[in-house]
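The values are calculated or read from the model by the stated rules, or taken from the named source; none is laboratory data. Since this is a predicted model, take the numbers as computed values, not measurements. As a convention, Cβ positions derive from the backbone with ideal geometry for all residues, glycine included, and neighbour counts pool all protein chains shown. Heads up: the accessible areas ignore ligands, DNA and RNA and are worked out on the full protein's heavy atoms, side chains in. Shrake-Rupley method; radii C 1.70, N 1.55, O 1.52, S 1.80 Å.
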Amino acid sequence: MSAIRRAVFLDRDGTLNVKAPDGEYITSPAGLRLLPGAADAVRQLNEAGLFVAVVTNQRGIARGLLSLHAHAQIMTRLAVLLAQHGAHVDAAYACPHDTGTCDCRKPAPGLLLRAAGEHPDLDLRQSVIVGDAESDVEAGLRAGTWTIRLSAIPVGSRADHVARDLPAAASLVIGAQDSHGRDRLARVS
Ligand SMILES: [Mg+2]
Ligand SMILES: [Zn+2]
């Protein structure tokens with residue numbers, strides 16, 4: 001039996017929760033509001049046996065707009081809101097750095113590679129990233145995962161799939177797992 005696990009890497013802002021306006025950041029727990037259906041989608045991913053990890057750019061930390069402590073409180077709030085729907089994330093990774101100063105700010109793949117390093121049972125090639133920005137897709141491509149771009153409207157993307165929201169993406173991921181068994185999650189169409 002293989003102990004390999006598939007991960008679903010979830011972007012945070014705009015994927016799990018309502019994004020702050022352009023140029024602004026979520027700076028307090030009260031500012032975090034889940035998108036419709038997001039928590040139930042995470043619960044379904046949990047129930048499917050997938051390893052769910054949040055991967056989020058938080059450049060506002062580098063810019064002094066929120067502290068690491070505030071960021072931790074926001075992530076705790078996220079966990080509480082998910083738990084109200086019986087959902088959880090298995091891990092969370094944030095890039096607190098400014099643009100061009102690190103190897104983990106998406107579109108760089110560092111957050112995904114760190115997750116794989118800390119959890120050797122994860123197979124990136126059988127994993128998927130879901131996000132509302134092309135930088136999420138790019139991070140997944142560089143890390144070797146399958147990719148799903150979230151967009152409610154038609155969008156040009158290098159992603160393997162475009163889904164309208166996280167519930168639709170979760171259905172796609174879980175459906176792929178069902179139909180392919182131990183095969184790669186990827187490249188169903
Ligand atoms: Mg986003
Ligand atoms: Zn970084």
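General observations
- Checking Asn46 against (1) in a loop (DSSP other than H, G, I, E, B); (2) away from ligand 2 (no atom under 16 Å from the Cβ); (3) of a type outside the set (A, V, I, L, M, F, W, C), the condition it does not meet: (1)
- For segment 87-127, residues that are over 21 Å from Gln58 (Cα atoms) and within 16 Å of ligand 1 (Cβ to nearest atom) total 0.
- Scope segment 72-87; condition within 14 Å of Asn17 (Cα to Cα) and of a type outside the set (A, V, I, L, M, F, W, C); matching residues: Thr76, Arg77
- Among residues of segment 65-83, those that are within 22 Å of Asp103 (Cβ to Cβ) and not aliphatic (A, V, I, L, M), counted: 1
- Enumeration of residues in segment 40-56 that are among the aliphatic types (A, V, I, L, M) and on the phi > 0 side of the Ramachandran plot: none
- The residue of segment 2-32 that is farthest from ligand 1 (Cβ to nearest atom), among those that are open to solvent by 20 Å² or more (accessible area, probe 1.4 Å) and in contact with a Lys or Arg (Cβ under 6 Å, 6 or more places away or on another chain), is Pro29.
- The set of residues from segment 60-88 being in contact with a strand residue (DSSP E or B) (Cβ under 8 Å, 6 or more places away or on another chain) and open to solvent by 50 Å² or more (accessible area, probe 1.4 Å) comprises just one member, His88.
- Matching option when the condition is of a type outside the set (A, V, I, L, M), within 16 Å of ligand 2 (Cβ to nearest atom) and open to solvent by 10 Å² or more (accessible area, probe 1.4 Å), among Pro167, Pro107, Pro120, Pro154: Pro107
- A single member of Val173, Val162 is surrounded by 19 or more Cβ atoms within 10 Å (Cβ to Cβ), under 19 Å from Leu124 (Cβ atoms) and modelled with pLDDT of 95 or more, and it is Val173.
- Condition met for Asn57 (within 22 Å of Arg164 (Cβ to Cβ), at pLDDT 95 or above and either open to solvent by 10 Å² or more (accessible area, probe 1.4 Å) or of a type outside the set (Gly, Ala, Ser) (or both)): no
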